[in-house]
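Participant: Here it is, the structure in full.
Bear in mind that the values in this text are calculations on the coordinates, not laboratory data. This is a predicted model, so every value here is computed, not measured. Please note: Cβ atoms are built from the backbone with ideal geometry, for glycine as well, and neighbour counts cover all protein chains shown.
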Amino acid sequence: MTATIEALLAEAQIPVSTPRRFDVAAALRRLAADASRRTPTVEIARAAQAGQRLGVVCRWVLNEPDAAEHVERIAEGPDRGPLTGEEMDVEGALVFACLLYLTGHPESAQFWWQLAAGAGSRAAAYCLHLHHLSMGESRGAWHWFH
């Protein structure tokens, strides 16, 4: 009653069925159905909304009647060296930051918003709040909101 190794291996083989073809269209339909049933998390929805609001605020700032004059003052700068606190155009820093943000330079915009917010611009602080919210950084957003 001793079975040989060959006999045991022959019985242990897994039957191979004919391979099924992968239906790409059906797989895409399943993925679309799964995606439609899922709703974004509260954090993702809040970040998306903050990004949209930031874009609106930046467009609003750039559409102000004297926005170009403020940016021109920053571009010219003083003739004798670095700006003092009284000479700095805080509104120009805000306008320039919004311009940078809308043209795809959020890191540079963040620097100019911080400069303007540090000089007392509440609009720049709100832009920083929205910027941090849009990136999911609630601690930074909270800081600039308060």
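Participant: Per residue of the chain, what 222 nm ellipticity follows from adding -39500 (n - 2.57) for every DSSP H run with n ≥ 4, rounded to the nearest 500?
Facilitator: On the way: 8 runs with 100 residues, N = 146.
Calculated mean residue ellipticity at 222 nm is -21500 deg cm²/dmol.
Participant: Return P(r) of the chain (all Cα-Cα pairs; 5 Å bins starting at 0; whole %; ordered from short to long distances).
Facilitator: 2, 9, 13, 14, 10, 7, 6, 5, 4, 4, 4, 4, 3, 3, 3, 3, 2, 2, 1, 1, 0, 0
Participant: What size of dipole, in debye to the nearest 20, comes out for the chain about its Cα centre when the only charges are +1 on Lys and Arg C-beta atoms and -1 on Asp and Glu C-beta atoms? Please list the in-between numbers first.
Facilitator: On the way: 13 positive and 17 negative charges, 211 e Å.
Dipole size: approximately 1020 debye.
Participant: Looking at the chain, identify the longest residue range that excludes and avoids all trypsin sites (Lys or Arg not before Pro) in DSSP loops having at most 13 other Cβ atoms within 10 Å.
Facilitator: Here the longest segment lacking exposed loop sites spans 81-146.
Participant: Something else: To make sure I understand, if each residue's beta carbon is the centre and we count other beta carbons within 10 Å, what order do Leu128, Leu102, Leu31 fall in, fewest to most?
Facilitator: Working: Leu128 24, Leu102 16, Leu31 10.
So the ranking, lowest neighbour count to highest, is Leu31, Leu102, Leu128.
Participant: As a footprinting exposure proxy, order Ser36, Ser108 by other Cβ within 10 Å, with the fewest listed first. All intermediate terms of the calculation are to be shown ahead of the outcome.
Facilitator: Numbers: Ser36 8, Ser108 15.
By the 10 Å Cβ count, ascending: Ser36, Ser108.
Participant: OK, next. Are there cysteines in the chain with no second cysteine's Cβ under 4.7 Å away, and if so, which?
Facilitator: Cys with no partner Cβ under 4.7 Å: Cys127.
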